[in-house]
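Worksheet: the structure to be examined is printed underneath.
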Amino acid sequence: MKIFENFNRNIGVDLGTVNTLIYLKGRGIVVNEPTIIALNNKTDQIIAIGNSAKRMLDRTPQHINIIRPISGGVISDFEMAEELMKTHLKNLDEGIFNRCGLAVLGVPTNLTEVERKSAEDVLISAGASRVYLVEEPIAAALGARLSIEDPSANMIIDIGGGTTELAIISVGGTVVSDSLKVAGKKFNEDIVKFIKEEFQLAIGEPTAEEIKVKIGSALPVEEKLEMTIRGRDLGSGLPKEVTIKNSHVRLAVTKSLRTIADAAKNLIESAPPELVGDILEKGIHICGGGSLLRGLDRYIEKETTVKTNLIEDSQTCVIRGLGIVVEEFNKYEKLLNSQSKPKEISL
């Protein structure tokens, strides 16, 4: 009945490798936390989720595991992903009459049917009555307020934490797309590996992330950027301090950046000629947390010879697009796939 629709908590969910974002209809983005869980192995109890769990990263005793239930955009630990979503949805409770209605979930473009089913089941198990899937490039394009329903191309590159999604969109659908397991988390791994080989210094992921944010860049910069870091000397096993420069970080991530640029060029080459003309006119749009690396937009523009635009507030672009679908569901329902919550289980 229509009267009960107002009591539903209709949500958009960006369940990412690095961060989980939730949009609640009528309120906007209500959750933006790391996709991390701290688990006590002795008691099998979850002791922290999100920001509090991230603060424990690389700082826990042996009986506490830090778990990332999403890997490369795919659910790698169903039970933990379910607990993560249950916790976040429980915190959205606003009264006895509220219940979880439909959920719109952003997913990578290249998921298999099994992986899509797993993503749907996580939200259904967490309490959603119906789950709809929308590909992340489509959501990003909506979040950027691009006219995706026109017979004209829009090219999106969404560089997230675990995956980079590339797509050319026209007439409300994806014409050609690609998905890479190269994104922000891979940049961190590149930095850890480089410092280990170049300076014989072991550092953790939080330090690598800090390096990337503070002095990382895709192209040379005029200002002098350097940073003092601390870690474990691989030779002596003792604490060690070194100073690294912007050029070191750029060298560390060069291979990963090249992979993204090559994928962008290949995508353009595989598109119909008329759409390529549209892309040349409109440019490439990039978003996602990984796109905030200094000069990455200019790097892609240099490699593809196509004007590249960094979408404003790029970290929340996908969830904003999912929010638009939630708020105007009837308009965008045709873009989605859905699964109903099972009424009963037959053995």
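Ranked by how many other Cβ atoms sit within 10 Å of their own Cβ, fewest first, the residues 166, 310 fall in the order 310, 166. Hydrodynamic analysis of the range 153-310 uses the Kirkwood radius over alpha carbon pairs. Inserted into Stokes-Einstein at 4 °C and 1.567 mPa s, it gives a translational diffusion coefficient of 78 µm²/s. In the structure shown, the pairs 86/186; 54/331; 54/196; 25/186; 181/214; 86/193 are assessed against 30 Å; a Cα-Cα span above that value is assigned to 54/331; 25/186; 86/193.
Cα centroid separation, the range 163-191 to the range 113-142: 18 Å.
Measuring nothing but how far apart in sequence close Cα pairs (under 8 Å, 6+ apart) lie, relative to its length, the range 153-310 scores a relative contact order of 29 percent. Among residues other than residue 138 with Cβ under 12 Å from its Cβ, the summed charge is -4 (Lys and Arg +1, Asp and Glu -1).
Beta bridges per DSSP, both residues in the chain: antiparallel share near 70 percent. Only the Cβ atoms of Lys and Arg (+1) and of Asp and Glu (-1) were treated as charged; on that basis the dipole of the chain about its Cα centre amounts to roughly 740 debye.
Of the peptides 148-158, 72-82, 225-235, the ranking by mean beta-carbon count within 10 Å, highest at the top, reads 148-158, 72-82, 225-235.
Calculated mean residue ellipticity, 222 nm, the chain: -11000 deg cm²/dmol, from DSSP H runs (n ≥ 4) at -39500 (n - 2.57) each, averaged per residue and rounded to 500.
The orientation-averaged projection of the convex hull spanning the C-alpha atoms of the range 37-151 amounts to 9.9 square nanometres. Compared with the alpha-carbon gap, the fully stretched path from residue 63 to residue 236 is longer by 59.6 nm at 0.36 nm per residue.
With the largest listed first and rounded to whole Å, the semi-axes of the equivalent ellipsoid of the range 110-213 from the Cα gyration tensor are 33, 20, 12.
The orientation-averaged projected area of the convex hull spanned by the Cα atoms of the chain comes to 20.3 nm².
As a size descriptor, the averaged projected area of the C-alpha convex hull of the range 267-332 was calculated at 5.6 nm².
Bear in mind these aren't lab numbers, they're just calculated from the coordinates by the rules spelled out. Bear in mind that the values here come from a model prediction, so they are computed numbers and not experimental data. Glycine gets a Cβ as well: all are built from the backbone with ideal geometry, and neighbour counts include every protein chain shown.
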